Amino acid sequence: MRLFLIGYPLGHSMSPFIHGLFLNQIERKGTYELKELSPDHFDEHITILKQSNFDGFNITIPYKVDILPFLDAIDPQAKAIGAVNTVVIQDGHWTGYNTDGQGYVQSLKYHYPHLFHASSRLLILGAGGASRGIVHALNDQCCASITISNRTVEKAAAIIESLPKKKTYHAISFSEAEATLDQFDAIINTTSLGMEPHVKTQAIHLDRIKQGAVVSDIVYKPFNTALLTEAKLKGAHIHHGHEMLVYQAALAFKLWTGHDVDVRPVIQAFEEKLK
Ligand code: ATR
């Protein structure tokens, strides 16, 4: 199994570690290479990769949209999201998928299945690429309403426009979110606020949080973000962001190999590295 990841910069990517553990689980030999591609020669790099002998790859920031013109086929949900994080290669034919949102949803559902009941109301903070994937995945599987709050409210409204309509939707500002926080059963941060090195920042404060609400943050460095720290102090349930990375990787691995893997020991090993 020959796999790789493209992105720029790649830094200390955890994906080789995660996929290495998955390969061990299915007792398969394989490689997962890091290919940091500079943006000024992106097209040439991809053209070369198209001629080489790999089984699949992942795409991370900033190429999840740039890869689209190089695909031979695209999964309908990835098309609706407008971004691809996984490519399966078969006989030189590239098919694009997006496992980010589904990965996030699987992790949230594992810990908090009650949020997927028809009556729950979710608040998503952020309206970038990560938010778009998560909102599309949630839209298929849960809840009474989805509210998206963003610094730029028009971007939240644009995500709502892109959804097949199945429930109630709102696009609101961060101050409106803070003022109406007691209406939500879960608050999900998809912004980059709180990520190293800006560890003290958070999109909203949680003074009006509803008792028993879940606060989830897709930022996993630091492991306990400012938002999650405040959530703990307020007695909320919390959900850590590193699990999304492992679940989305497991879904990509299944697309490449056909094998289901056990994510729990991999999450445990990842957590030990983060703490
Ligand atoms: P990703 O692919 O990780 O989602 P992105 O598409 O760049 O990254 O989206 C980043 C998100 O974080 C956006 O919701 C962005 O808000 P805007 O849409 O208003 O730009 C949010 N974000 C980033 N920096 C921010 C800041 N300093 N204050 C508020 N929101 C911020």
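Read-outs: derived from the displayed coordinates by stated rules, not from any lab. The model shown is predicted, which means the values in this text are computed figures rather than measured ones. Glycine gets a Cβ as well: all are built from the backbone with ideal geometry, and neighbour counts include every protein chain shown.
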Net charge of Cβ neighbours under 13 Å - reference Tyr169; Lys, Arg +1; Asp, Glu -1: +3
Qualifying aspartates and glutamates (Cα of each under 17 Å from Cα of Lys254; at least 8 residues distant if same chain): Glu27, Asp55, Asp75, Asp100, Glu243, Asp262
Radius, Kirkwood style, for the stretch 1-140 when every pair of distinct Cα atoms is counted (Å): 16.4
Along each principal axis, Cα extent of the chain, largest first, Å: 55, 39, 35
Expected 222 nm ellipticity per residue - DSSP helices of 4 or more, -39500 (n - 2.57), all of the chain, to 500: -11000 deg cm²/dmol
Ranked list, fewest to most other Cβ atoms within 10 Å of each Cβ, for Ile160, Ile6: Ile160, Ile6
Order of His242, His41 under a 10 Å beta carbon neighbour criterion, fewest first: His41, His242
Pairs of alpha carbons in the stretch 101-240 whose separation is greater than 20 Å (percent): 39
Percent of beta bridges antiparallel (DSSP, the chain, rounded to nearest 5): 20
Restraint check, Lys64/Lys273; Lys234/Lys275; Lys165/Lys210; Lys109/Lys221; Lys109/Lys200, Cα-Cα greater than 24 Å: Lys64/Lys273; Lys165/Lys210; Lys109/Lys200
